[in-house]
Structures are given as C-alpha cells and as structure tokens.
1. Leu4 fails exactly one of the following numbered conditions: (1) at pLDDT 90 or above; (2) in a strand (DSSP E or B); (3) open to solvent by 90 Å² or more (accessible area, probe 1.4 Å). What is the number of that condition?
2. State whether one or more residues within the range 72-87 are under 15 Å from the mean Cα position of the chain (by Cα) and either in contact (Cβ under 8 Å) with a residue 40 or more places away in the chain or open to solvent by less than 90 Å² (accessible area, probe 1.4 Å) (or both).
3. Within the range 12-47, restricting attention to residues that are at pLDDT 95 or above and touching a Gly at 6+ places or on another chain (Cβ under 8 Å), which residue is least open to solvent (accessible area, probe 1.4 Å)?
4. Pick from the range 48-71 the residues that are under 20 Å from the mean Cα position of the chain (by Cα) and hydrophobic (A, V, I, L, M, F, W, C): which of them is modelled with the lowest pLDDT?
Amino acid sequence: MELLDFLLERDRRDNPFDPAVGSFQSVFSEIAGGAIGGTSDFFKLSLTSSWYRPLGDFVLATRLRGGWIHVFAVPEGMTPQSQVPFED
C-alpha cells in the first residue's frame, strides 16, 4: 500500500516525560491510493489534544482523541470497509 503522511504537533508541556502543566496537540493525516497508487483508496485524519493541570500533590491529565476516514473509490463488488486496513 502506498501512503503519504503528514504530522503537525504543538507541545506546550513543561516536561514531555513527566508533565505537570501544559498541553499537547497533534494532527495526523494520511492519504492512501488515489494518485499515488496502491491497493487502498482513502484519506484519514486524526486529532489528539491533551491537557495537564496540577491538583495538589497530583496532576490531572485529560485527553481527547478523534478521527475520520473517507474512502475515495469502492471497486465493484467491494465494501468501503474493505478499502481501509483493519488497524485503521
């Protein structure tokens, strides 16, 4: 499968390994098939946002994740789900 990936990140945490305050956001997109060839034809977009706040002796960590997949073309006799790998 031929893929083209793009990743954009914004890291405002005080420590990436043990954050106590700040935030982290990422946007990931992937294009498979279409003009670049391959056996699958889809576009995938994933968004992740995490926030860290001190709460006494602890840190409150929250995360929100979401995504969307759009299938470009479905060959005759196949389903849209068959155009996207199971792990996606």
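1. Result: Leu4 passes all but (1).
2. yes
3. So the residue we want is Ser46.
4. Here the residue is Val71.
The values are calculated or read from the model by the stated rules, or taken from the named source; none is laboratory data. In this text, all values refer to a predicted model and were calculated from it rather than measured experimentally. With ideal geometry, Cβ positions are generated from the backbone for all residues, glycine too; neighbour counts draw on all protein chains shown. All accessible areas refer to the heavy atoms of the entire protein, side chains included, with ligands and DNA or RNA removed. Shrake-Rupley method; radii C 1.70, N 1.55, O 1.52, S 1.80 Å.
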